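Here the structure comes first, spelled out in structure tokens, and everything after it is commentary.
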Amino acid sequence: MHAGLLHKRDDEDHLKEMKEQNYKAIDMVILNLYPFEQTVQKKGVSEEEIIENIDIGGPTMLRAAAKAYRYVAIVTDPSQYANIMDELEENTGSISFRTRQNLARQAFCRVSQYDNAISNYFNCMGETESEGDFPASININVAKVNDLRYGENPHQKAALYKDPGTTLPSLTKAEVLSGKALSYNNYTDLEAVLSMVMDFQKPFAVVVKHQNPCGAAEADSLEEAYRLALDADPISAYGSIIGLNKPVDMDTALRLHETQFVECILAPDYDEGVVEKMKKKKARRILRLPQILKGYPGKFLQYSFIKGGLLAMDPDLHEVKKEDLKIVTEVQPTEDQIESLLFAFKVVKHIKSNAILLVQGKQTVGVGCGQTSRVDAAVLATMKAKERARGSCLASDAFFPMRDGVDAAAKAGVKAIIQPGGSKRDEEAIQAANEHEIAMVFTGIRHFKH
């Protein structure tokens with residue numbers, strides 16, 4: 001079989017041997033690999049079934065046919081069939097050199113993706129060389145989904161790619177139920193939304209602009225959570241991305257429909273009749289991603305690309321609990337304040353650093369994000385909160401290196417603060433809190449998001 005693929009049609013020695021061995025030339029291979037990527041994503045799949053779906057002979061034949069593209073057409077995906085059939089009919093049963101070359105390119109990409117999915121499965125199924133080590137190499141091979149209208153700005157080109165083998169909740173798996181095509185900026189904002197909604201179990205809603213939450217809330221119902229999230233900063237919410245962690249009911253849909261201008265809505269599902277109601281605003285994109293309800297499947301790495309390489313780290317999935325808190329001030333936080341502080345610290349993890357967040361109950365009321373000075377972030381958060389800063393709880397993604405941030409919070413009327421602690425000047429911040437009769441707790445965990 002491999003001789004039939006690999007022999008050179010213009011080499012007399014090859015042709016002579018083919019004739020002597022009674023081998024036949026193979027001019028086209030149509031090959032679908034075992035569905036390994038689909039198998040690893042099946043719920044409750046056994047390791048035995050996964051291993052059985054590692055194709056051995058298929059990739060070997062695929063490579064051989066692709067290597068011989070000067071003579072052989074290698075077809076690796078049903079989406080190629082229609083064009084191949086058209087060309088065969090137009091050219092009396094032959095395939096052009098350019099098409100064969102293009103098919104070979106796609107074939108080598110396909111087998112590379114396949115091997116990458118297998119490699120990543122084994123990288124994630126257990127510990128590496130020693131506990132805590134990262135893999136010696138990371139294989140990333142993604143397939144193009146489509147071109148986007150443009151990138152962050154109109155003069156930049158952009159495209160969307162997906163990892164066919166990923167088991168993570170991914171926007172590439174989201175179903176767009178209504179609205180125009182998504183843009184590059186939509187995807188980056190939606191990624192921020194997805195990360196946030198995955199962190200909460202009770203009904204939760206978030207309003208995101210430029211990858212930062214301008215409003216977020218947790219409540220007994222999804223409709224109430226969205227009402228509070230929108231009310232946190234309705235001016236900034238114009239043209240926002242909405243994230244919801246529960247299926248959207250009609251009450252929530254009606255409130256969403258009233259919102260003036262929303263770019264996208266992401267939720268795990270929608271009750272009957274909800275999508276039809278929200279479709280009436282034609283430009284609004286409505287996305288469904290059921291994997292939101294399932295949570296993360298297990299161990300995975302988070303990547304940031306740099307020129308000529310990438311950075312890899314464990315994702316920040318740490319959740320601070322009540323028993324982790326260290327009360328460091330004379331004033332003790334109340335039980336309600338502790339609940340608010342824990343909620344605030346979970347949200348502040350998703351805000352660009354330096355980050356300061358003010359909350360009332362489990363509703364954000366002021367966000368200070370992406371500042372080069374922590375005191376500036378505190379001033380910005382209190383400015384956004386206005387009168388709602390009085391009596392609020394404050395979360396800081398990192399420690400206060402000096403007392404000025406505490407002083408700014410006190411001036412606005414903040415009554416409780418949660419922060420990591422760990423600064424050489426912690427005592428200054430504690431002393432300031434005591435002077436202002438503010439309760440302060442340390443977590444021992446930092447949540448930088450650059």
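The values are calculated or read from the model by the stated rules, or taken from the named source; none is laboratory data. What you see is a predicted model; the values in this text were computed from it and never measured. Because the Cβ atoms are built from the backbone with ideal geometry, glycine has one as well, and the counts that use them run over all protein chains shown.
Residues that are over 20 Å from G366 (Cα atoms) and of a type outside the set (K, R) within the range 414-432 comprise G421, G422, S423, D426, E427, E428, A429, I430, Q431, A432, listed in sequence order.
Of all the residues in the range 137-189, those that are outside the structural domain of C264 (by TED's automatic domain parsing) and without any contact (Cβ under 8 Å) to a residue 12 or more places away in the chain number 1. Can you tell me which residues in the range 1-16 are touching a residue at least 12 places away in the same chain (Cβ under 8 Å) and assigned to a helix (DSSP H, G or I)? Selection gives H2, A3, G4, L5, L6. In the range 48-76, the residue that is nearest to Y34 (Cα to Cα) out of those that are charged (D, E, K, R) and in contact (Cβ under 8 Å) with a residue 24 or more places away in the chain is D55.
How about the range 317-332: which of its residues are in contact with a Ser or Thr (Cβ under 9 Å, 6 or more places away or on another chain) and either acidic (D, E) or within 13 Å of I417 (Cα to Cα) (or both)?
D324, L325, K326
Taken over the range 173-197, the criterion of being within 13 Å of the chain's Cα centre (by Cα) and hydrophobic (A, V, I, L, M, F, W, C) is satisfied by A174, L190, A192, V193, L194, M196, V197. If the condition is being crowded, with 24+ Cβ neighbours inside 10 Å, within 15 Å of I438 (Cβ to Cβ) and at pLDDT 95 or above, then the range 383-401 contributes S392, C393, L394, A395, S396.
For (1) over 30 Å from G391 (Cα atoms); (2) modelled with pLDDT under 95; (3) small (G, A, S), each residue gets a yes or a no:
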position	(1), (2), (3)
P268	yes, no, no
D271	yes, no, no
I286	yes, no, no
F305	yes, yes, no
D316	no, yes, no
E335	no, no, no
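Taken over the range 133-192, the criterion of being charged (D, E, K, R) and out of contact with any strand residue (DSSP E or B) (no Cβ under 6 Å at 6 or more places or on another chain) is satisfied by D133, R149, E152, K157, D163, K173, K180, E191. Restricting K202, K180, K209 to those that are closer than 26 Å to G298 by Cβ and basic (K, R) reduces the list to K202.
One line per residue, one yes/no per condition, for (1) out of contact with any helix residue (DSSP H, G or I) (no Cβ under 8 Å at 6 or more places or on another chain); (2) over 16 Å from V348 (Cβ atoms):
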residue	(1), (2)
V359	no, no
T364	no, no
T382	no, no
K386	yes, yes
A412	no, yes
D426	yes, yes
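Against the condition in a loop (DSSP other than H, G, I, E, B) and either at pLDDT 95 or above or under 36 Å from the mean Cα position of the chain (by Cα) (or both), how does L33 come out, does it pass? Criteria met by L33.
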